[in-house]
Structure formats: C-alpha cells, structure tokens
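To keep things clear, I will list the structure first and then write my remarks on it.
The values are calculated or read from the model by the stated rules, or taken from the named source; none is laboratory data. Please read all numbers here as calculations on a predicted model, not as lab measurements. So basically every Cβ, Gly included, is an ideal-geometry build from the backbone, and we count neighbours across all protein chains shown.
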Amino acid sequence: MVLNNKKILIGITGSIAAYKSIILIRLLIKAGAEVKVVMTDAAREFVSPLVLSVLSKNKVHILWHEQNEWNNHVALGRWADLMLIAPLSCNTLSKLAAGACDNLLLAVYLSATCPVVVAPSMDEDMWHHPAAKKNISLLKEYGITMIDVNNGELASGLSGEGRMAEPEEMIHFLIERFFRSTQLKGKKVLVTAGPTYEAIDPVRFIGNRSSGKMGFALAESFYLAGAEVVLVSGPTHQRTAYKGLSVIQVQTAEQMFHVCDEHRDADIIVMSAAVADYTPSITANQKIKKNGDELNVTLRHTKDILQHLGTNKRPGQFVAGFALETENEKENAILKLTKKKLDCIILNSLNDEGAGFEKDTNKVTIIDQKGMLELATQPKQEIAKQILAYIMMRFTENDHLPKQ
Ligand code: CTP
C-alpha cells in the first residue's frame, strides 16, 4: 500500500468541512497509513471525536490535559511524518500566521518537525479577504504547503471559491508531493493505454473494447515509483488523479505512433494499448448513406508501434509489450516477443476468467527469454505493481540502474 507505515497527523479545526475528515481518515488507513488526530474544541461541534477515534484506531487529542494526564504536544509533533490540517478555518489560519498558541492543535503545529500541509475551508468572501490572503502568503513563507481550495457549493448556500478539497484529492496530493518512491527517479517511462478509433466517416469508427484500465494502472504504478511518466491513451473514460503524470490523448493508431515516436527516448516502454491493426483506406468526408445490401470498407495496415520501438531499441532501453490471445496463447506470445524484439511480453488470454477488456481484474503471464511468471487473477492495480516489480528486477539485472 502506498502509505504503508507513514505516520499522518490530522489537525481538525471548526469548519463545516470537518465532516470530510471521516472519509479522509478512512482512506488514509485503507492506504496503509498510521493516523492520529488532534482537533480544536470548536471542531467537536462538527465531527464526533468518538468516530474519529474508532476510525483512526487512536485516541483523539483535544485538550492540553485529560484525566490529569498531560497531552505531550512535542511528542505528537515529532511522531508524525506529515501533519495535515484539514479543514483549516479562517480563525486557525490567522493563529498559524501569528504563531499563536492558545490550544493543543496550535502547540502541536508549532512543535511539528515534519512537513505541514493545510487545506483551507471558508466562505468565498472570507477567502478573498486581504487578511486571509496575507495569512496564506505568510504560511507559504514559513514553508507550509497548501492544498488549493475548490470552487463549488459553500455552507452559506452560495457557490464560489473556498470549498475544501475532497478527501480523495487531498490523499493524491499528499502521495504525489511527499510519498512517491525514488526507485525510478530520473527515469522516463512511456506507457500506452486504451483502444484506438479509426474513422470510417465523421460518425462511425472501428474500435475495440479496451477500457484503458490496465494501462492507467501501469502508468500510475511507474509514477508512484518515482519515474517521469508519459501515458499515451486512446479514447477511454479513465482519468488519473496525479497531476504530474502526463497524459496525452490520441484517437488513431497513426496519432499514437507519432506521439510514441516522439517519446522513444524513454528508459522503459510498456505498450498495453489495443492498437487497431487496420484502418479504413479512405475516411469519407460526409456520413456514408445507406445504399444497397452490402457496404465494403477497404482497410489498410497500421504501423506496428511496438515493433517499431522494439526493433529500434537503444542499448539499455527496456521494451515490454502485451499480447492478447484467444488460442495457442503462449506460442503466439513468444512469437511476438521475438518478432518485435521485446525484453518481455505480458500475455492476456481472453479464455481466462477474470481477464480481459473492461474488467477490473486481470490474469497475466509475463514471458521473457529467461522464462515465464504466471500471476494469479487480481485487481489490475495489483497486476500493475507486479509487472513493475518484474520489469525493475530485469532492468536492474541488466545494469540499467545503479545497484543500491
Ligand atoms: N501494438 C502496437 N501497434 C500496433 C498493434 C499492436 O504497438 N499497430 C502492440 C500492442 O500495444 C501490444 C502488442 O503490440 O503491446 C501486441 O498486440 P496484439 O494486438 O496482441 O498483437 P498484434 O501484434 O496486433 O498481432 P495479432 O493482432 O495478429 O495478434
């Protein structure tokens, strides 16, 4: 899990957005983090400490002392790998800016030796007030990171800027900014995903059922491993929440070829797109009208992007492809491995239950010149992590990376 063993201290202040901390903590725990909570007295009005304590599996800290026991703010501040104050009310914002220390949360913040992140939450007019702006710029000067507010529905019933970021957005922000691994730092990875659409006329196209889920999962895994990732995607509904992961949308095999060729300097290339092998020789300018019993569309071969990249591979580069087969699966995959001069091929069989298009799970076999590794049916995110681990192992073996 991405946040395994990471210690996150959540600070909650008095704002209606405090209800979102329930989801936030739940998601952090699911991502593997250890969570502790410190909240202001006012925050208690918006979210129950009991719920937060159950979810975080820890005692919630509110007062300087409880049952004759002193709450050690220094220890709490030093325990955390990261402190996230969410929501940050206008009142606490001004106190952080001033260095005030009239509650436990402020004392913990002042004692924190880890990075501090704030997610402000206030009504639009308060957010735009010069005092709030000045306080925000002071926090930035102190080295505090801010998760930008959203534009949306506000507690006042108005709509505008000042709405706290959603819990999922905050978690992606934290992972991206503070918790990406450095395993592949300095390395560039090119991934393709999804289908391609080959136009017959302005209305129709030839496409396939690829959802892009596997390619997106792979791109995110490489991104979290620290690589610079370029994801070239055909038309899909998939989106990534990681802002630094660059996604280039294309429609056709020809467009995908050109974008991939521009990025052929990547250290690792993983082609999971279901690229059309044929495209209409002519795309009609106008919608083709019904006429007679038959319609013939002449198709011509598209360029094989993977074969182009595999055969032009530079020393040290690692090129992996996918093979989607319905019969003689392993034999066909091995033929593609050799023909396209790949470092490895990842075989999907449509005959396997839990594998293939549009599904959330997959079942693959990784094949290279040294052997095969069959992976059990798992969610595509898990499969992506294991493919990454396999590629990393081979990449390191080949001395592409400095050994740690
Ligand atoms: N591929 C590609 N460009 C193409 C066709 C395929 O880059 N024009 C890549 C796919 O992204 C995949 C691999 O080649 O990584 C194998 O694709 P697949 O459809 O399984 O095989 P094909 O080579 O197209 O052969 P066939 O359709 O005959 O099985």
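With (1) surrounded by 15 or more Cβ atoms within 10 Å (Cβ to Cβ); (2) without any contact (Cβ under 8 Å) to a residue 12 or more places away in the chain as the list, and Val229 as the residue in question, which single condition is left unmet?
Condition (2) is where Val229 drops out.
So which residues in the range 238-265 are in a loop (DSSP other than H, G, I, E, B) and under 23 Å from Arg177 (Cα atoms), if there are any at all? Spell out the reasoning first.
Of all residues in the range 238-265, those in a loop (DSSP other than H, G, I, E, B) come to 238-245, 250-252, 263-265.
Within the range 238-265, Gln238, Arg239, Thr240, Ala241, Tyr242, Lys243, Gly244, Leu245 meet the criteria.
If I filter the range 301-330 down to residues being farther than 14 Å from Met271 by Cβ and away from the ligand (no atom under 12 Å from the Cβ), which single residue comes out as surrounded by the fewest Cβ atoms within 10 Å (Cβ to Cβ)?
Keep residues of the range 301-330 that are farther than 14 Å from Met271 by Cβ, which gives 301, 314-316, 325-330.
Restricting the remaining residues to those that are away from the ligand (no atom under 12 Å from the Cβ) gives 314-316, 330.
Numbers: Arg314: 9, Pro315: 6, Gly316: 11, Lys330: 14.
Looking at the filtered set, the residue picked out is Pro315.
Can you pull out the residues in the range 179-198 that are away from the ligand (no atom under 16 Å from the Cβ) and in contact with a strand residue (DSSP E or B) (Cβ under 6 Å, 6 or more places away or on another chain)?
Passing the criteria: only Lys188.
Could you check the range 141-172 and list, in sequence order, the residues that are part of a loop (DSSP other than H, G, I, E, B) and surrounded by fewer than 16 Cβ atoms within 10 Å (Cβ to Cβ)?
Scanning the range 141-172 gives Tyr142, Gly143, Asp148, Ala155, Ser156, Gly157, Leu158.
Kindly indicate whether any position in the range 119-132 is surrounded by fewer than 17 Cβ atoms within 10 Å (Cβ to Cβ), in a loop (DSSP other than H, G, I, E, B) and not aromatic (Phe, Trp, Tyr).
yes
Kindly provide the set of residues from the range 190-237 that are over 17 Å from Ala276 (Cβ atoms), part of a helix (DSSP H, G or I) and not aromatic (Phe, Trp, Tyr), ordered by number.
Hits for the range 190-237 are Lys213, Met214, Ala217, Leu218, Ala219, Glu220, Ser221, Leu224.
Pairs under 8 Å by beta carbon, first residue within 21 Å of Phe257 (Cα to Cα) and charged (D, E, K, R) in the range 312-328, partner at pLDDT 95 or above and near the ligand (Cβ under 10 Å from one of its atoms), six or more apart or different chains?
Filtered contacts from the range 312-328: Lys313/Val319.
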